[in-house]
1. How much length is gained if the chain between T213 and D178 is pulled fully straight, taking 0.36 nm per residue apart and subtracting their Cα-Cα distance, in nm to one decimal?
2. Convex hull volume of the Cα atoms in region 92-190, per residue, in Å³?
3. I'd like the distance between the alpha-carbon centres of region 4-31 and region 74-91, rounded to an integer number of Å.
4. What 222 nm value per residue comes from the helices of the chain, counting each DSSP H run with n ≥ 4 as -39,500 (n - 2.57) and dividing by all residues, nearest 500 deg cm²/dmol?
5. In the chain, which helices (entire DSSP H runs) extend 15 Å or more along their own long axis, judged by Cα positions, while averaging at least 0.0 on the Kyte-Doolittle scale?
6. Only Lys, Arg, Asp and Glu count, each charged at its Cβ (+1, +1, -1, -1), so figure out the dipole size of region 2-216 about its Cα centre, rounded to 20 debye.
7. Rolling a 1.4 angstrom probe over the protein heavy atoms, how many square angstrom per residue are accessible across the chain?
8. Considering only the chain, what is the antiparallel percent among its DSSP beta bridges, to the nearest 5?
Amino acid sequence: MKILENLWQVAGPELTAPEDAAAYLLRLGPAAALIDAGSGEAVPDLLANIARVLPPEVPVTHLLLTHCHFDHTGGAEAVAGHLGCRIVAHALDAVFLEAGDHAATAASWYGRRMVPLRIDHKIQGAQQTIAVGNGEIHAYHCPGHSPGSMVFSADLDGHKILFGQDIHGPLHASLRSDRGDYLRSLRFILALNADILCEGHYGIFRGQDEVRTFIASFL
Ligand SMILES: [Zn+2]
Ligand SMILES: [Zn+2]
């Protein structure tokens with residue numbers, strides 16, 4: 001599903017499998033990044049969606065994981081293996097992925113087991129800029145829903161795009177959620193003043209007003 005020129009949704013309940021959170025593909029000139037990888041229930045469909053919109057000479061160089069939960073990461077190993085790209089996650093959530101922690105990754109909520117997943121690049125600290133193609137993607141640590149939740153932001157044709165997958169939460173003890181962190185993160189995300197928000201379960205919000213209203217509704 002095309003969102004903008006060079007920005008597509010390639011996974012989600014209507015596109016791939018009911019267990020899949022949304023996954024997005026962002027092309028920045030000669031290369032592209034995939035944001036989240038779905039649950040792994042429909043990897044061939046996700047890969048076919050990428051192949052449908054991305055010319056074969058444009059590699060996907062990065063799989064950026066917004067957080068460790070199964071609906072976003074269960075497909076990561078298979079997808080990254082096929083694409084030959086590096087897997088990036090915040091160090092505080094990488095711990096749960098590399099350990100295959102069924103509770104902290106919410107795999108147990110789906111009646112599944114989390115297969116331990118090796119993270120190639122662990123982001124430390126509050127923020128980092130990742131070079132992709134001829135552009136860059138800014139990664140911001142926004143804990144709360146999980147300890148290592150992140151949002152990613154990039155400029156595309158004058159639009160500030162925000163990938164904020166589980167802005168809506170939920171907060172739960174087994175997910176190691178923290179309400180204080182969550183509220184601070186929401187205020188931070190609001191202040192980014194994004195033009196387009198690509199969310200994990202609520203779809204795509206267009207225009208600063210729509211984005212702001214959605215984020216503020218969880219404060
Ligand atoms: Zn989540
Ligand atoms: Zn989710």
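1. Contour length minus the Cα-Cα distance gives 10.4 nm.
2. Roughly 113 Å³ of hull volume per residue.
3. Each part reduced to its Cα centre gives a spacing of 15 Å.
4. Counting only the DSSP helices, I get -7000 deg cm²/dmol.
5. Both cut-offs are met by 43-53, 179-191.
6. With only Lys, Arg, Asp and Glu charged at Cβ, the dipole is about 320 debye.
7. Result: 41 Å² of accessible area for each residue.
8. 70
The values are calculated or read from the model by the stated rules, or taken from the named source; none is laboratory data. If you're wondering where the values come from, they're calculated on a predicted model, not measured in any experiment. In this analysis, Cβ positions are derived from the backbone assuming ideal geometry, glycine residues included, and neighbour counts consider all displayed protein chains. Surface areas here come from the heavy atoms of the whole protein model, side chains and all, with no ligands, DNA or RNA. Shrake-Rupley method; radii C 1.70, N 1.55, O 1.52, S 1.80 Å.
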